[in-house]
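What follows draws every value from the coordinates through simple rules; no lab data is involved. For clarity, every value in this text was computed on a predicted model and none was experimentally measured. Glycine gets a Cβ as well: all are built from the backbone with ideal geometry, and neighbour counts include every protein chain shown.
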Amino acid sequence: MAHHKVKVLDSLSLQDLKDEADLIPLMSAEDEDAMEREELPEILPILPLRNTVLFPGVVVPITAGRDKSIKLINETNQGNKVIGVVSQKDEGKEEPGVEDINTVGTVAKILRVLKMPDGNTTVIIQGKKRFEVAEVLTSEPYLTARVRSVSEARPAKENEEFNEIIKSIRELALKIIKDSPNIPSEASFAIKNIESNSFLINFVSSNLNVTVAEKQKILEINDLKERALETLRFMHIEVQKLSLRNDIQSKVQSDINQQQREYFLNQQLKTIQEELGGKSSDAEIEEMRSRSKTKKWSKEVQTHFDKELSKLQRMNPQVAEFSIQRNYLELVLDLPWEEFSKDKFDLKRARKILDRDHYGLDDVKQRIIEYLAVLKLRNDMKSPILCLYGPPGVGKTSLGKSVAEALGREYVRMSLGGLRDESEIRGHRKTYIGAMPGRIIKSLKKAGTSNPVFVLDEIDKLSVGSQGDPSSAMLEVLDPEQNSAFYDNFLELGYDLSKVMFIATSNRLDTIQPALRDRMEIINVSGYTIEEKVEIAKQHLLPKQLKEHGLSKNDLTIAKPQLEKIVEGYTRESGVRGLEKQIAKMVRYAATKIAMDEPYDKKVTNDTIVEALKAPKLERNKYENNEVAGVVTGLAWTRVGGDILFIESILSKGKGTLTMTGNLGKVMKESATIALEYIKSNADKLGLTPEIFEKYNVHVHVPEGATPKDGPSAGITMLTSLVSLFTQRKVKKSIAMTGEITLRGKVLPVGGIKEKILAAKRARIKEILLCADNKRDIDEINPEYLKGLTFHYVKDMSDVLELALTKEKVKNAKKL
């Protein structure tokens, strides 16, 4: 049988009934008696309803959607318009049979049949009187049955008890209508104007909030008084439910109002965001969920992400924590979990790239080629931690970019200079407003792969501040045994850094934390010789500056002799930054001439260099002067590489005091004191009388007093200077020395040999005195760098004096 949807009376206004059926559902006692006296047809078509019970006198609309029901209604509507309506025992039964329907039902009259826009048929029917099914005659095309009337026992009008029951029903009905927000006010109008007691009971019973079975039970009660009592019992239950519901609502009303207000505001905000082209929070969450299904991360990360996403769904979008949680989830999604670029193992190609971008640096290139060779043979090898150590401007940072290209990896650079906040490395905890991940994790997000070449620039310049020690935070990053699960405070998950190739750069090693230095492989990147600088300028610096200034290679050419003149006369450094600045000046000189349409020499000459760069700032010839006693050339290591150092000594009549100037450190002053004491104790060997030390004051000066100087490596230079001064013997031309001395006259090895050798060669030094133990450092230097240099290896100070001083005395030698 058809499934019928019944529209209950509390949602059907009286005006609707007037418009549809021209009948107000109010009934007088006379109307009820007349209806009860009507003859009941012997055979009726039966219409089963599964979600309601029709009571006598009550008007209800029903919707019939299936063929059997529509056929029954159409045929009956053309006839006497009377049908039998019964309720189903099982509401879920789609095709009820004889055993599935109740035997007591209500005769109904069809008041109006309406065709709805959706194709269904809506019928307004009114109950007349009760009947009982005696025998079912047919089931096709619809149910028909022989029926008989059911008598109803009514109390006398004078029955006070029954009258009080009716009065209670009316009062409770009005109370329910008043307290229930779902029942329209027209229902109270109907209750007040119903005159018939029987119809009042039926009307209220029809609209009770009870099950179909309970309504059917009420319909089957023949005694009207008992039916009224049963109805009253259900009404009391409904009043108690309403009272409890209203109490609960009053207690939570303020919370509900606040939640509704926030809900409506959020809905408005969502609409505004969508109108402006943005996405609502719900759309963002769904997008995140769909993106997470495409990630290659582990099951543990997926579980953590789902948990954090559920937390975001429960948050109010207006609270500050919402944006932090959203940023966190976006970070987790953006990180390249288990995403690696494929390494290129063409070693010949890698070598060509390194040679193309960098001239020299053979040791560094060889180490990188070795790394690639091992990685090619063992693809599971962990990446090493390299530290390129050397002066500024020698190409340490740019070397990392060439390594990335050679490997076919992404390139990431992170400057650590002046970093003093530990959270820059490890990130902030999510509990803080404005929390962010550390720069390590952010850089990997930017790279898009988990195995980039990661350059940690200026690792020696990490500072310790009030926000922790960044050097200690770097320990986990640069430890191959720990960084497979690097913990970022913001990410709260272990991230694998073992496939990242870290390349650190440093100008000094003594400022790097020892534990951090121990985790890295130190590769010394020393300075360049004059010949190397000329080649670098020709191959890299000049083409780069011409391009940056909008000139072509035909607008300015600088030959090797002129480049060498620029290197020697205008730069004194291990790297090439200063040289690049001078070449940039030359290019700007040409650009100015072209812009002003003035003639100039496209092929640079020596005169052009002087015109563009002014007079040379560095004169090498003064460093070779040996006509003054007590002036000796030493070799020093500085932060910008190697340099030559001059030590001057002079005597003046006095009481034998030692004075030192030139911004000297404690260790260097001690070297001068040791040298003087050694001379005093060995005066006989040196041909000096002891009285000379009491008649003359000694003043030692190291020029360029604005530059701080310290270290033990000037010890033998100090001693040679003082012996030359006291004996008035010449120091050999073009000779320099470096080494530490002891009171016994022993010469000790020092560091920074390669930088010092390069500085000596730039200054046109020909001979160099070194401790014998420093020979191993010389053996590691490329022989090309040593051309034109003669090395003397000494163990004792007497050897130094023998090699450094001539027998000839200086001109105008003093008689002491």
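GluC sites (Glu not before Pro), restricted to the stretch 283-354: which are DSSP loop and have at most 15 other Cβ atoms within 10 Å?
When the GluC sites (Glu not before Pro) of the stretch 283-354 are filtered for loop state and at most 15 Cβ neighbours within 10 Å, GLU338, GLU339 remain.
Which value, in debye to the nearest 20, describes the size of the charge dipole of the stretch 279-389 about its Cα centre when Lys and Arg Cβ atoms bear +1, Asp and Glu Cβ atoms bear -1, and nothing else is charged?
That gives the stretch 279-389 a dipole magnitude of about 460 debye.
Given axes a ≥ b ≥ c from the Cα gyration tensor, I'd like to know whether the stretch 407-461 is rounded (a/c under 1.5), prolate (a/b larger than b/c) or oblate.
oblate
Tally Lys and Arg at +1 and Asp and Glu at -1 over the other residues with C-beta under 12 Å from the C-beta of LEU551: what net charge comes out?
Cβ neighbours under 12 Å give a net charge of +4.
Can you divide the C-alpha Rg of the chain by 2.2 N^0.38 Å and report the result to two decimal places?
Scaled against compact globular proteins, the figure is 1.86.
For GLU670 and LYS733, what does the FRET efficiency come to when R0 = 25 Å and r is the distance between their Cβ atoms, rounded to the nearest 0.05? It would help to have the intermediate numbers written out before the result.
Working: r = 30 Å, r/R0 = 1.19.
Step by step, r from the Cβ atoms, then E = 0.25.
In nanometres, what is the gap between the two model label sites at THR707 and GLN467, each 7 Å from Cα along Cα-to-Cβ?
3.6 nm
Could you tell me which of MET501, GLN513, ILE433 has its Cα farthest along the dipole of the stretch 347-524 towards the positive end, charges placed at Cβ (Lys, Arg +1; Asp, Glu -1), taken about the Cα centre?
Selected residue: MET501.
Please list, by residue number, every one of the GluC sites (Glu not before Pro) in the stretch 710-816 that is coil in DSSP and has at most 15 other beta-carbon atoms within 10 Å.
Filter output for the stretch 710-816: GLU780.
Explain nothing, just the number: relative contact order of the stretch 143-243, from Cα pairs under 8 Å at least 6 residues apart, as a whole percent.
For the stretch 143-243, the relative contact order is 39 percent.
Using alpha carbons only, how many degrees (0 to 90, rounded to 10) separate the axis of helix 160-179 from the longest principal axis of the chain?
So the inclination is approximately 30 degrees.
Measure off 7 Å from each Cα along the Cα-to-Cβ vector at ARG378 and ARG245, then give the distance between these two points in nanometres to one decimal.
Here the answer is 7.6 nm between the modelled labels.
DSSP loop (so not H, G, I, E, B), at most 14 other Cβ within 10 Å: list which GluC sites (Glu not before Pro) in the stretch 119-172 pass both filters.
Details: sites: GLU132, GLU135, GLU152, GLU158, GLU160, GLU161, GLU164, GLU171; in loops: GLU152, GLU158.
Sites meeting the loop and neighbour criteria: GLU158.
Across the stretch 106-115, in residue order, what do the Karplus-derived ³J(HN,Hα) couplings come to in whole Hz, using 6.51 cos²θ - 1.76 cosθ + 1.60 with θ = phi - 60° and x for Gly and Pro?
Computed from phi, the couplings for the stretch 106-115 are 9, 5, 10, 10, 7, 8, 7, 10, 10, 8 Hz.
What nm value, rounded to one decimal, do you get for the distance between GLU808 and LEU748 when each label is placed 7 Å out toward the C-beta?
Modelled inter-label distance: 3.6 nm.
Report, in debye and to the nearest 20, how large the dipole of the chain comes out about its Cα centre when Lys and Arg carry +1 and Asp and Glu carry -1 on their Cβ. Intermediate values should be presented prior to the final figure.
Working: 125 positive and 121 negative charges, 1254 e Å.
The calculated dipole for the chain is roughly 6020 debye.
Could you order the peptides 498-507, 359-368, 232-241 from most to least packed, using the average number of other C-beta atoms within 10 Å per residue?
Peptide ranking by packing, descending: 498-507, 359-368, 232-241.
Could you work out how much longer the chain between THR557 and ALA772 gets when fully extended? Use 0.36 nm per residue separation minus the Cα distance between them, nm to one decimal. Kindly include the intermediate steps, with their values, before the conclusion.
Working: separation 215, 0.36 × 215 = 77.40 nm, distance 4.56 nm.
My answer for the length gained is 72.8 nm.
Applying a 10 Å radius around every beta-carbon, put 56-62, 260-266, 773-779, 459-465 in order of their mean neighbour count, most first.
Sorting 56-62, 260-266, 773-779, 459-465 by mean packing, highest first, produces 56-62, 459-465, 773-779, 260-266.
Please report, in debye to the nearest 20, how large the charge dipole of the stretch 347-524 is about its Cα centre when each Lys and Arg carries +1 at its beta carbon and each Asp and Glu carries -1 there.
700 debye
If we sort 552-565, 581-594 on the protection proxy, mean other Cβ atoms within 10 Å, highest first, what's the order?
581-594, 552-565
For the stretch 51-108 and the stretch 327-374, what is the separation of their C-alpha centers, rounded to whole Å?
83 Å
Could you tell me how many degrees, from 0 to 90 and to the nearest 10, lie between the Cα long axis of helix 224-275 and the main elongation axis, the longest principal axis, of the Cα atoms of the chain?
30 degrees
Using the beta-carbon distance between ASN697 and ILE781 and R0 = 35 Å, what value does 1/(1 + (r/R0)^6) give for FRET efficiency, to the nearest 0.05?
Efficiency computed from Cβ-Cβ geometry: 0.25.
When the label point is put 7 Å from the Cα of LYS175 along its Cα-to-beta-carbon vector, which residues of the stretch 193-236 have a backbone N closer than 13 Å?
232-236
Using 14 Å as the cut-off for backbone N distance, which residues of the stretch 559-584 belong to the label zone defined by a point 7 Å from the Cα of GLN539 along Cα→Cβ?
Taking a point 7 Å out along Cα→Cβ of GLN539, no residue of the stretch 559-584 has its backbone N under 14 Å.
Along the charge dipole of the chain, pointing to its positive end and built from +1/-1 on Cβ of Lys, Arg, Asp and Glu, which listed residue (MET668, VAL698, PRO56) has its Cα farthest out?
Working it through, the farthest residue towards the positive pole turns out to be VAL698.
Among VAL394, THR449, LEU347, pick out the residue whose Cα is farthest towards the positive end of the charge dipole of the stretch 347-524, where Lys and Arg carry +1 and Asp and Glu carry -1 on C-beta, about the Cα centre.
LEU347
ALA595 to ASP346: extension gain in nm, 0.36 nm per residue of separation minus the Cα-Cα distance?
Length gained, ALA595 through ASP346: 85.0 nm.
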